[in-house]
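The values are calculated or read from the model by the stated rules, or taken from the named source; none is laboratory data. This structure is a prediction, so every number in the text was calculated from the model and none was measured. Because the Cβ atoms are built from the backbone with ideal geometry, glycine has one as well, and the counts that use them run over all protein chains shown.
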Ligand code: NAD
């Protein structure tokens, strides 16, 4: 299988959230390299503006909080006026709020769901209408291996991601007859600013790889942290026509950390 087909997304319009850095940035770069026109949304516009200078014809950048339905609708509408209706959607924006359930404030809990879960609902609701009107499309939502494996002090994050996974499966069922596929990519520890922030507060890349009985973590059998490109390759596969008979699938990309459970 050639995962570097240079023109695989040529002529296609892709909407992506969280495009400014980390996993979303890696997906955006690969899509641009493979000929897509990208409507890129992020809270932080600066990295997208820098990327835009190299891809003026291919990248529409908008500063948007994915938890704000009206703002998302407006950005997608403006982007589509320039680049056409969306053929593909990737929801990658996410935040990690650490804390045990008893420590978390209601605001922290709500903020986590507003971004991680409501943000995915907002984009799927808005963009799937464009896809339904044309009878085709593919959606990939980024969940987490923590959606199905309990982790200490990650209750809000894990619950918000479990909701994303099940929202995506239901959406896949609803849209199958319209020719639209919906899949999930569930990364494990991946070398991005989100993960690096955890290494500043106690753990390190090596302790994540080794695992910790004290924290009920097995470690990573493949003995490495994922790169954003490794996650992006899985996303691009599921977006592409090479995955034309795959929908409602949850693809774990975690080096075996959760024994694919
Ligand atoms: P990151 O923090 O490095 O990047 C996230 C991006 O999303 C940033 O550009 C940020 O500005 C943007 N963003 C955050 N809140 C937003 C909002 N409300 N509206 C719009 N944009 C917003 O994170 P990452 O590690 O690249 O994570 C990407 C996705 O992968 C997230 O959904 C995350 O939960 C998931 N994930 C990451 C890991 C990991 O180890 N890095 C593991 C499992 C799942």
### Message
Restricting to region 231-261, name every residue that is under 14 Å from residue 146 (Cβ atoms) and surrounded by 14 or more Cβ atoms within 10 Å (Cβ to Cβ).
### Response
250, 252, 253, 254, 257, 258
### Query
If residue 228 satisfies every condition in (1) surrounded by 14 or more Cβ atoms within 10 Å (Cβ to Cβ); (2) over 19 Å from the mean Cα position of the chain (by Cα) but one, which is the exception?
(2)
### Message
Just to confirm my filter: which helices (runs of 4 or more DSSP H) fall fully inside region 174-261 and include at least 3 residues that are without any contact (Cβ under 8 Å) to a residue 40 or more places away in the chain?
### Response
193-199, 205-210
### Task
Please state which one of 82, 107 is loosely packed, with under 15 Cβ neighbours inside 10 Å, in contact with a strand residue (DSSP E or B) (Cβ under 6 Å, 6 or more places away or on another chain), farther than 23 Å from residue 178 by Cβ and modelled with pLDDT of 95 or more.
82
### Task
Working carefully through the options 92, 62, 71, find the one that is free of Cβ contacts under 8 Å to residues at least 24 places away in the same chain and touching a helix residue (DSSP H, G or I) at 6+ places or on another chain (Cβ under 6 Å).
62
#### Entry: Residue in region 179-201 that is surrounded by the fewest Cβ atoms within 10 Å (Cβ to Cβ), counting only those that are over 15 Å from the mean Cα position of the chain (by Cα) and either closer than 30 Å to residue 132 by Cα or near the ligand (Cβ under 7 Å from one of its atoms) (or both)
179
### Message
I'd like the full set of residues that are outside any strand (DSSP E or B) and either buried (at least 23 other Cβ atoms within 10 Å of the Cβ) or modelled with pLDDT under 95 (or both), limited to region 26-47.
### Response
26, 27, 28, 31, 36
### Message
Looking at region 151-161 only, could you name the residues that are touching a helix residue (DSSP H, G or I) at 6+ places or on another chain (Cβ under 6 Å), away from the ligand (no atom under 11 Å from the Cβ) and part of a helix (DSSP H, G or I)?
### Response
156
### Query
Does residue 149 satisfy being under 21 Å from residue 240 (Cα atoms) and surrounded by fewer than 21 Cβ atoms within 10 Å (Cβ to Cβ)?
no
### Task
Out of the residues in region 215-235 that are more than 11 Å from the ligand (Cβ to nearest atom) and out of contact with any helix residue (DSSP H, G or I) (no Cβ under 8 Å at 6 or more places or on another chain), state the one that is nearest to residue 184 (Cα to Cα).
234
### Task
Filter region 127-150 for residues that are touching a residue at least 24 places away in the same chain (Cβ under 8 Å), farther than 14 Å from residue 182 by Cβ and within 14 Å of the ligand (Cβ to nearest atom) and give the result.
144, 145, 147, 148, 149
